[in-house]
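Below you'll find the structure, written out as structure tokens, and then a few comments.
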Amino acid sequence: MEPETTPPQTQPPATPPAASGPAAPFTPPVAPQPPVPPLPPTNPEPAVSSPEPPAAASAESLPSTPESWPGAFSIYKYAKAATQINVGTLILFWLISFVLGTVVGLKYKAVGDGLSLVLGSLATAGYTLAYVAGVRRQKLSFGPALKAALPLWPKMIVLNILVSLSLGLSFLLLVIPFFFVWPRLMLAPYLLVDQKLGILEAYKASWHQTKGHASKVWGIIGATTAMGLLVLTIIGIPFAIYFLIMYSSAIAVLYEYLLKATPVPAEMPPATPGV
């Protein structure tokens, strides 16, 4: 007998060893997305504007006088704009008037008032010229103002004497006439230096120009007094000084306003009482 033969054993195919750890999750492929346009900024920067003009430019653009009279306090901005143009010249004339008047009054007591009036008349002519120039937006330095004031000095002395006598006489007449005469003569120095009038002509022209406008003069006087009351408090002293200096051109503003409304006539009518 032949021995039994066993068929050869076939080995099963080898399987790869299993990976250690948990199997990775299946991730489906992602389709490509179209590009997203950029979003507009939520807070866009404002457009750059041109810088604001300086304060001087706004002052220069302000007319010299209002079209209609707004009241004493409302003309402060007009007076301030005029004063700022020649404030250095004004301060120098004020100092000259104060210092010379004080020194002369203390040293020559017998004739101090008269000499103070004579020396003060030069300062009056000088700062009146500066006020008128400021209202008209013209720069006037101290030297040219003093040079222009010297020829007017003698006339200003006589005009100041005439106005002082008129006010003194009106005050003696039961006080009441003083309040009618004072505002009517307030523009005499301006007419003398600006219109180149004679002494009596300037006196009469002031009476003529202020006819029907005495209340405006009193309004300026009242506003000036109200600003001066700030000195009653210590903290208010610097404010009072500032406001009074800036407002000091108010009468010049009124002069220019009335000059535009009523030009000075060639021949002055006589100065008669009445408001």
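Residues are listed down the side, and each one gets a yes or a no for (1) assigned to a helix (DSSP H, G or I); (2) among the acidic types (D, E); (3) free of Cβ contacts under 8 Å to residues at least 60 places away in the same chain; (4) over 20 Å from A133 (Cα atoms):
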site	(1), (2), (3), (4)
V163	yes, no, yes, yes
P189	yes, no, no, no
V193	yes, no, no, no
K204	yes, no, no, yes
H208	yes, no, no, yes
W218	yes, no, yes, yes
Counted residues in the range 149-161 being hydrophobic (A, V, I, L, M, F, W, C) and either exposed (fewer than 14 other Cβ atoms within 10 Å of the Cβ) or without any contact (Cβ under 8 Å) to a residue 40 or more places away in the chain (or both) come to 3
Scanning the range 62-114 residue by residue, the ones that are touching a Gly at 6+ places or on another chain (Cβ under 7 Å), closer than 28 Å to K216 by Cα and assigned to a helix (DSSP H, G or I) total 5
Those residues of the range 136-185 which are among the polar types (S, T, N, Q), closer than 16 Å to A202 by Cα and under 34 Å from the mean Cα position of the chain (by Cα) amount to N160, S164
Scanning the range 222-253 for residues that are β-branched (V, I, T) and surrounded by 15 or more Cβ atoms within 10 Å (Cβ to Cβ), the one nearest to K77 (Cα to Cα) turns out to be V253
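We did not get these values from a lab; they are worked out from the coordinates using the rules stated. Nothing here was measured: the structure is a model prediction, and the numbers come from that model. Because the Cβ atoms are built from the backbone with ideal geometry, glycine has one as well, and the counts that use them run over all protein chains shown.
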